[in-house]
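Here the structure comes first, spelled out in structure tokens, and everything after it is commentary.
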């Protein structure tokens, strides 16, 4: 006879299998119903909010469920993002009348359930008002990383300049993904964030144990915002002892750099860190100053592949750079010639030279370029 | 003799139960990981990465050999992937058809004297082409050298610090790169590779290079493979990834840090399983050098690929896979129960060897010896039947767990599709499983018919699955 324990095990396995089959089918059916229900509810809310906005009438006796229902919040947030001017202000009034933002804030401050508070915070990003700034700032110390990121997004949308140093401080202690999302939010703040960012970078860069990554990140943010007000700070950072900061500053100056940045970037072309040289060449290409062409051309013989490529690409856009690229074709350095030839081909100089030579108007430089390309093929 | 038969029968049944229990543990671990991933996807602002200048740029490298039928559609579909900064590098690996001509015509390619870095050794390069259109496309035309060689040439031409290795006959989900690169952005210092979730496209509807709707394939052989993919990619890899013990990143979707790839010498030439070989080499290198690293998996980074629709093609594929595994078992014997290699050496690689490499042999011997043992009275038929049923039920539980976990992706909207898969859960043990066991045993035995690559006929992306009308 078979041991009773075997039979029990078999029965148990069979029961679990049957249970999983039922669970699977139930999930499938429930999922279908929930999706259908969500769709219908969302459509109703979009219609209701649309009606209120078009008539400019706030509800006198709104259903209590509205202020708690995430689908209603989504509909209101969508309208708020779509509309401008008086219509947008009307949506803000609607949010206030129904107490939606306060409800969401209360839910976001609760610890459980996590999904519900995170849902509330996602809506708050678009619906919070300035009176919620303090509460949102307190959420920057939350244990949940998603809560912190969404709090920063909400603060950034409110243009809360006071929170910028706290966010950067926080970025020194959190994971790179979270720091990057917070950085994205700060970029969305735009020019108002430049001053606190700049001050923080200057302070932090002078501290003995400054966070290398976060200062570099902040410098990049200054570049992404693209305000010339950040230029003095970035130029100072370009001469720091920390290579990562110099790289970030050179990259940022590409976006913010005015004529005043040309000379510091020119000096950076001689930096002993190859990444700084490569970035500086790229940054200078955007400024199109013919005085730097010779300095950039010298990088065509740099020991690092990336520096040569960036220098060649930069010379393609600097006035007078193409002539230097053609001259490099006949030079003794094979790497410089390769980089120059590639850039001349992809920038269209090769095509133009072909047309000129075909029309009998070709120069010696054109003929050299054509001969080089033909030779390499 | 009778003692031996009884003992061996119990060993085989015990082995089978152990195998299923390991899979069950992996499924439970994967469930926890998938729950965490779901929270991140819902609230982690992954979509922010699409507009972020901080997203790390990626080079998508695509080897192409005689892909004339679908190369243009495949590359067009890849250009539509949502990611802030990426380039596509295609290597025409000495195709004998008009693959290159089609690329030149469709993307207005012009030859450029592109100075390639020779970081990885490859067959001679004939020419490099760039597109005149506003898309970042580079085509490297080279002499034939095989898939690994073509990938290495594309890696040499790649400009960005991360390369995504894929195939020319797959359909990359629009958000796959964002999901995979999110894992990189989480920890750029340590992440050297990210694997993606491969799903069979057979039976799905494809329109203009996009998946319109996912349905369960028509034939049992395709459904069986779908179930296998779900067990591997949904109910197993997330758990391995959580303990940094992924033994394999599939060739159809693998993102690697370029410098890490170059450091281990890129893809190995002439290997039947170059993806397995590369993943294990990365583990071994970083473990031996005691460098911090992680190789992770992103279940939401989905790539759709065609699975063999016929028995003959499936047979060739399975033999090739098992031969690749055999070579890897030989090459990485030093990793087997090697504490220096961490969780890979102590858990995932031994599990791969014991439950993947040896499984067909043990199972095949079981099919011969257990009936003999029952017929000679060495073991009680009731005992065998009950143990066999328990093992089957645990196997079914694993498959069902994979199906339940797959629900989070919501691909099969119609409950009837799930019913079709449920049927396969129970019938796969009545012939299909035994068939693949036999092919893998054949691979171990060797012989001329097991030495072929067995490429599938190229149909092109629009013909993968069902083309929408």
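No lab work stands behind these numbers, since they all come straight from the coordinates. All of these numbers come straight from a predicted model, not from anything done at the bench. Glycine also receives a Cβ, built like all others from the backbone with ideal geometry; neighbour counts cover every protein chain displayed.
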Could you work out, residue by residue across A:169-182, how many beta carbons of other chains sit within 10 Å of that residue's beta carbon, and then give the average as an integer? 4
FRET E, pair residue A:69, residue B:82, Förster distance 30 Å, beta-carbon r, rounded to 0.05: 0.50
Ascending count of other beta-carbon atoms within 10 Å, so fewest first, for B:222, B:407, B:143: B:143, B:407, B:222
Can you give the Rg and Dmax of chain B based on its C-alpha atoms, in angstrom? 22.6, 77
Among A:172, A:130, A:282, rank each residue by its count of other Cβ atoms within 10 Å, from fewest to most, as a rough exposure measure. A:130, A:172, A:282
Taking Cα pairs closer than 8 Å and at least 6 residues apart, the relative contact order of chain B in percent is 22
Compute the relative contact order of region A:1-91 as a whole-number percentage, counting only Cα pairs closer than 8 Å that sit 6 or more residues apart in sequence. 25
Going by the alpha-carbon gyration tensor, a ≥ b ≥ c the square roots of its eigenvalues, is region B:194-237 rounded (a/c under 1.5) or, if a/c is not under 1.5, prolate (a/b greater than b/c) versus oblate? oblate
If you take each beta carbon of peptide B:381-388 and count the beta carbons of other chains within 10 angstrom, what is the mean? 3
Candidates A:336, A:248, A:281: whichever shows maximal mean-square fluctuation once chain A is modelled as a Gaussian network with Cα springs under 10 Å: A:336
Within the set A:133, A:285, A:347, GNM on chain A using Cα springs under 10 Å gives the largest fluctuation to A:347
Over chain A, what relative contact order in percent results from Cα pairs under 8 Å that are six or more residues apart? 6
Among the Cα-Cα pairs of region B:223-382, the proportion with separation greater than 18 Å, in percent, is 65
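Indicate the gyration tensor shape class of region B:40-171 (rounded, prolate or oblate), computed on the Cα atoms with a ≥ b ≥ c the square roots of the eigenvalues: a/c under 1.5 is rounded; otherwise a/b larger than b/c is prolate and the rest oblate.
Prolate.
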Specify the inter-centroid distance of region B:350-419 and region B:153-199, based on alpha-carbon positions, in whole Å. 34
For region A:50-117 and region A:269-332, write down the distance between their C-alpha centroids in whole Å. 55
Connecting C-alpha atoms closer than 10 Å in a GNM of chain A, tell me which of A:154, A:11, A:297 has the biggest fluctuation. A:11
The protein assembly as shown, Kirkwood Rh and Cα Rg, ratio Rg/Rh at 1.00
